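The values are calculated or read from the model by the stated rules, or taken from the named source; none is laboratory data. As the structure is a computational prediction, the values presented were derived from the model and not from experiment. Neighbour counts are summed over all protein chains in view; Cβ atoms, including those assigned to glycine, are modelled from backbone coordinates with ideal geometry.
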Ligand SMILES: [Zn+2]
């Protein structure tokens, strides 16, 4: 028993160190299973255990299980098809893990069986942006854009990220078409591809459309859950335009507030990150998105859903989605119908 107690104490120390390594890897954004190449490992003695022929690793993962693609692996040319990881890395639901751990403590005998099927296929994989266009009647070479992304993490169906972002964009397009409105400026409704893999679709679009970047009034990107728009923070030079454009918004649903406020200049990001809008912001294209709020108290938490197995269609909130679509339609159409492009003065520092 005394030997066992000493081993348990040592294991606890090891667990602490492993936790520290995991945290460091996360902070350095380099937690990946091939790390011997990079002198960075997911756990103590990882390399040694791999060399000794370990079958795999089981770790406890906090619930909800969050999936994040490892961009260090995806973007590093040192990782090729021939040196993909072949040691299993299993993240178990923390409750299941705790049960197993307790059984170990009780010296019970048990077996764990996993049916793991990872399939790799040589790329490149073709992937498409889907873009709806309403051609401008007066300024066809000037643009207003609304966007979300088409892809999602495969751990769930992406009902929220980006289902609740892209559907109001699609619905806004449908409503504008149905209304018979003829926007003066061209309107683009974009479902960008490959956002989660590294903003691939929006980056490709920007690269292929450099000539249009100076002529985009604004990109309204929606990628933060089903909460409805409650306002806009805009620079002084845009303020009068938006106040006028947004006037009808308050009238459709008096129980939903909407406020246009003066703000900025904003810091222009030096590199893209987070969502598709950043790709445009880096190019100094206005990419002001709506302020959103859980105004009816649905107790919605994006953080509990984002990139987890909970990201399902059922988490969307119909009345929020409807309102978001209506606001998106009114505001984008309003911007498209101005007699000038939105001013960029005082937008970015
Ligand atoms: Zn997203």
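Structure notes:
- Residue 114 meets the stated requirement of being more than 26 Å from residue 278 (Cβ to Cβ) and either within 16 Å of the ligand (Cβ to nearest atom) or in a loop (DSSP other than H, G, I, E, B) (or both).
- Filtering the stretch 81-111 to residues that are surrounded by 14 or more Cβ atoms within 10 Å (Cβ to Cβ) and assigned to a loop (DSSP other than H, G, I, E, B) leaves 85, 87.
- Selection within the stretch 163-180 - surrounded by fewer than 18 Cβ atoms within 10 Å (Cβ to Cβ) and out of contact with any helix residue (DSSP H, G or I) (no Cβ under 6 Å at 6 or more places or on another chain): 170, 174, 177, 178, 179, 180
- Residue identified as more than 17 Å from residue 313 (Cβ to Cβ) and within 16 Å of the ligand (Cβ to nearest atom) among 157, 203, 167: 203
- Listed by first and then second residue, the pairs with beta-carbon distance under 6 Å, at least 6 apart or on different chains, first residue in the stretch 89-106 and touching a residue at least 40 places away in the same chain (Cβ under 8 Å), second assigned to a strand (DSSP E or B), are 89/57.
- Boolean, residue 153 is in contact (Cβ under 8 Å) with a residue 40 or more places away in the chain and crowded, with 20+ Cβ neighbours inside 10 Å: no
- Residues located in the stretch 269-286, provided they are surrounded by fewer than 18 Cβ atoms within 10 Å (Cβ to Cβ) and at pLDDT below 95: 269, 270, 271, 273, 274
- Residue match in the stretch 84-103 (condition: outside the structural domain of residue 20 (by TED's automatic domain parsing) and touching a helix residue (DSSP H, G or I) at 6+ places or on another chain (Cβ under 6 Å)): no
- Scan of the stretch 216-256 for residues that are under 26 Å from the mean Cα position of the chain (by Cα) and more than 16 Å from the ligand (Cβ to nearest atom), ordered by number: 216, 217, 218, 228, 229, 230, 231, 232, 233, 234, 235, 256
- Selection count, the stretch 205-252, where residues are over 26 Å from residue 294 (Cα atoms) and surrounded by fewer than 17 Cβ atoms within 10 Å (Cβ to Cβ): 11
- Just so you know, in the stretch 31-52 the residues that are at pLDDT below 80 and farther than 14 Å from residue 85 by Cβ include one that is surrounded by the fewest Cβ atoms within 10 Å (Cβ to Cβ), and it is 39.
- Filter pass, residue 25 being modelled with pLDDT of 85 or more and part of a helix (DSSP H, G or I): no
- All positions within the stretch 128-154 that are farther than 17 Å from residue 275 by Cβ, part of a loop (DSSP other than H, G, I, E, B) and either in contact with a strand residue (DSSP E or B) (Cβ under 6 Å, 6 or more places away or on another chain) or within 16 Å of the ligand (Cβ to nearest atom) (or both): 135, 136, 154
- Looking only at residues of the stretch 175-192 that are in contact with a strand residue (DSSP E or B) (Cβ under 9 Å, 6 or more places away or on another chain) and outside any strand (DSSP E or B), we find that the one that is nearest to the ligand (Cβ to nearest atom) is 176.
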